[in-house]
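Each value in this text was obtained by applying a stated rule to the coordinates, not by laboratory testing. Because the structure is a prediction, the values reported are computed rather than measured. Counting neighbours? That spans all protein chains shown, and the Cβs are built from the backbone with ideal geometry, glycine included.
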Amino acid sequence: MSGQPLLEVENLRIDLDIGGTRFAAVQDVSFTINRGETMGLVGESGCGKSITALALIGLLRHPLKIGGGTIRFDGHEIQNLPASEMRGLRGSRIAMIFQEPMTALNPLSPVGRQIAEMFVLHKGASWKEAESLAVDALASVRVPAPERRVKDYPHQLSGGMRQRVMIAIALACGPDLLLADEPTTALDVTVQAEILDLIRELSAAKGTAVLMISHDLGLIANMCRRVGVMYAGKLVEERAAEDVFRSPSHPYTGGLVASLPLLGARARHGRKRLREISGVVPPVSAFPKGCRFNPRCHASTDRCRAEDPVVTALPDGGFVRCHYHE
Amino acid sequence: MEASYGAIIMNNPSADTILRVEDLAVHFPLGGGLFGGPRRYLHAVDGVDLELKQGECLGLVGESGCGKSTLALTILGLQEPTRGRIVLAGHEVSGDGMDRKARARIAQMVFQDPYSSLNPRQTVRRTLEAPLRLHGITTASEIDERITEMLGRVGLRPDHAERYPHEFSGGQRQRIGIARALILEPKIIILDEPVSALDVSIRAQIINLLLELKETLGLSYIMISHDLGVVEHMSDTVAVMYLGRIVETGGWQSIFTNPRHPYTRALISAIPDPFKRSRGDKITGEIPNPLDMPSGCGFHPRCPEARDICRVPPVPELEKIGASHFVRCRRVREIAAPDVPLATTG
């Protein structure tokens, strides 16, 4: 084990091709994740958080492609890896959990076989060995009666159970990095809480680093040590989780925190009118000039409209991309 | 034992009650019968009593399959109840008591998804004018006037009327959905997850708008939501449903600062706290198959407080434990008052 980070993303750019014109759907995104660390990416739909994860695992497909920057995983650049080598990495050392387990699982194959496949493909196990390993894997994600459940097809399982199967597949080969893209958005809150606990416990036990992606700022702050906030394809702020809520630095983050009806707020402070963020999230084809948040920002100036801010390091170790950070 | 919730609201119809639901049940038949063995029923809503006061917002909380959407559809007349009464603005509407059009003038609905709930081939004007025409308002000038006024109320411009849904953002579409619900000047609006399909940065706009409209137009809301932060912010009273029954109901403050049913507590503590890594009361397992209802208290298989007494029939009653606070739990008086893990700072 070396002191170098497990994952280093530098100036990642992802291009979206719309009718021959290329737009940068993700630009200047840089972050690192250390071994065993849990980091969060939070943002609204279209901010580029999910495609960032897809880029990390080599699953971008036309009309999306990596347009620049480097992704270093365990010291090796992987952004230009040939498909065959990427396949070796994907699933064994970098794994991913998707939002909707019903569409991510193969409906025609028993779940046990889908888990077993991981051991056959990546560990060279025989199907027989792999199927008994699959039972253990299901047991480790606390699916009751795993020896019977392995024979079930995805449609026979509830949403929570399907997401457990996804986690079992993702963690089967003991990956170094787990990408979790909205893993609980389709689930009820009590089931969400169980799945989050499971991800937290299993990643801690196996020393797996996790990149957790969600639109739910509260969930990300609860799960992660560090949080990156994305807006319109750029990382606008990266902070320790507790600082994002207590002292948000970017006006977008501050606006989001103030706009959320946080549980318990009314009981403590009475009902206050929620602070609104005016305007809407811009589409990729119409990202504004200068700071991408400027048309919606309550404090924007001519400088914000003309000049794209660079990142500024904050004394607490985080950074912010704003000319006039708070 | 004190009187049950149902008995109390049935015997005390107060003047400012705009909607009363009494012992409402919706059972869906599921095959069987004749030669297929005994006919089975899914009890989607199983004896619900509700009272909505003029000008208030009732938050309806529960996980998928708890019956909250079926309840909403039944109140709107889009689903036939198996038994029970619905009294809308003083009129009995269950069965053939009130025709669809009369009911539509009293209660309307705002749907969750502003993308699929608007007709993509109709301009906003056509969407808003159809209900007016159906209800006998046919003068062009009056239609114009009402549409312009309504667009203004929901924060849109008069020229937006000529546009199609795809020309609008999600937040604006939800404003159109709200305008459509309000155009007939109903008294009650059912909000089914009104902000959960919207971008996070847009939600505050719609929540603020809904609260303003409630104030200025004297509306009453039934809001279905799984987002407890939104429910706490908007509701005056809250009803928590589990497997077709209300398990706890009361003022928003009782529910959020003094929740007494173990399920309510579990729901609240399941919300990730941004300031703490751990969480409080955990429950495990999933909602049981409603076809195979647990005996006694429906929540006992997942309840951390369950004892033998909870597993035996009958179903516990909704019991009064505070001014207007009712809980359906046999052990409510034995379980210590909660130490609610609400977000501690902020």
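About its Cα centre, how strong a charge dipole does region A:200-325 have in debye, to the nearest 20, once Lys and Arg get +1 and Asp and Glu get -1 at the Cβ? Walk me through the intermediate numbers first.
Numbers: 19 positive and 11 negative charges, 83 e Å.
Charge dipole of region A:200-325: 400 debye, to the nearest 20.
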Is there a quick way to get the dipole size of the protein assembly as shown? I mean about its Cα centre, with the Cβ of Lys and Arg at +1 and of Asp and Glu at -1; what is the value in debye to the nearest 20? 320
Using the number of other C-beta atoms within 10 angstrom as an exposure proxy, rank A:Thr301, A:Thr190, B:Thr17 with the fewest first. A:Thr301, B:Thr17, A:Thr190
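Mean 1/r over all different Cα pairs, inverted: what Kirkwood radius does region A:170-326 give, in Å?
17.4
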Choice from A:Ile167, A:Ile57, A:Ile78 showing the highest fluctuation, given a GNM over chain A with Cα pairs closer than 10 Å: A:Ile78
Where both residues lie in chain B, what percent of DSSP beta bridges are antiparallel, nearest 5? 60
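Stokes-Einstein D for region A:35-175 at 4 °C, 1.567 mPa s, Kirkwood Rh over Cα pairs, in µm²/s?
Values: Rh = 16.3 Å.
The Stokes-Einstein estimate is 79 µm²/s.
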Assertion target for B:His233, B:His43, B:His166, ordered by fewest C-beta neighbours within 10 angstrom first, is B:His166, B:His43, B:His233
Angle between chain B longest axis and helix B:124-134 axis [Cα atoms, degrees, rounded to 10]: 80
If one builds a Gaussian network model of chain A from Cα atoms under 10 Å apart, the most fluctuating residue listed among A:Met102, A:Met230, A:Met39 is A:Met102
Suppose every Lys and Arg Cβ carries +1 and every Asp and Glu Cβ carries -1, with no other charges. What dipole size does region A:93-249 come out with about its Cα centre, to the nearest 20 debye? 280
In units of 2.2 N^0.38 Å, the Cα radius of gyration of chain A is 1.04
If the viscosity is 1.567 mPa s and the temperature 4 °C, what translational diffusion coefficient in µm²/s does Stokes-Einstein give for the protein assembly as shown when Rh comes from Kirkwood over Cα pairs? 48
Distance between modelled label sites at B:Glu167 and A:Ala258, nm, 7 Å Cα→Cβ extension: 3.3
Projected label distance in nm at A:Lys151 and B:Thr216, using a 7 Å step from Cα toward the beta-carbon: 6.4
What the 10 Å binned alpha carbon P(r) of region A:177-247 shows, as percent of pairs per bin from 0, is 18, 52, 28, 2
To the nearest whole number, what is the average tally of beta carbon atoms from other chains within 10 Å of the beta carbons of peptide A:189-200? 5
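Give me the Kirkwood hydrodynamic radius of chain B, using the inverse of the mean 1/r over all pairs of distinct Cα atoms, in Å to one decimal. Walk me through the numbers before you get to the answer.
On the way: mean 1/r = 0.0465 Å⁻¹.
About 21.5 Å for chain B.
How many times 2.2 N^0.38 Å is the alpha carbon radius of gyration of region B:175-240? All intermediate terms of the calculation are to be shown ahead of the outcome.
Values: Rg = 11.4 Å, N = 66, 2.2 N^0.38 = 10.8 Å.
Compactness ratio reported: 1.06.
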Out of A:Arg22, A:Arg266, A:Arg305, any idea which swings most in a Gaussian network model of chain A, alpha carbons joined below 10 Å? A:Arg266
Could you list B:His160, B:His27 so that the one with the fewest beta carbons within 10 Å of its beta carbon is first and the one with the most is last? B:His27, B:His160
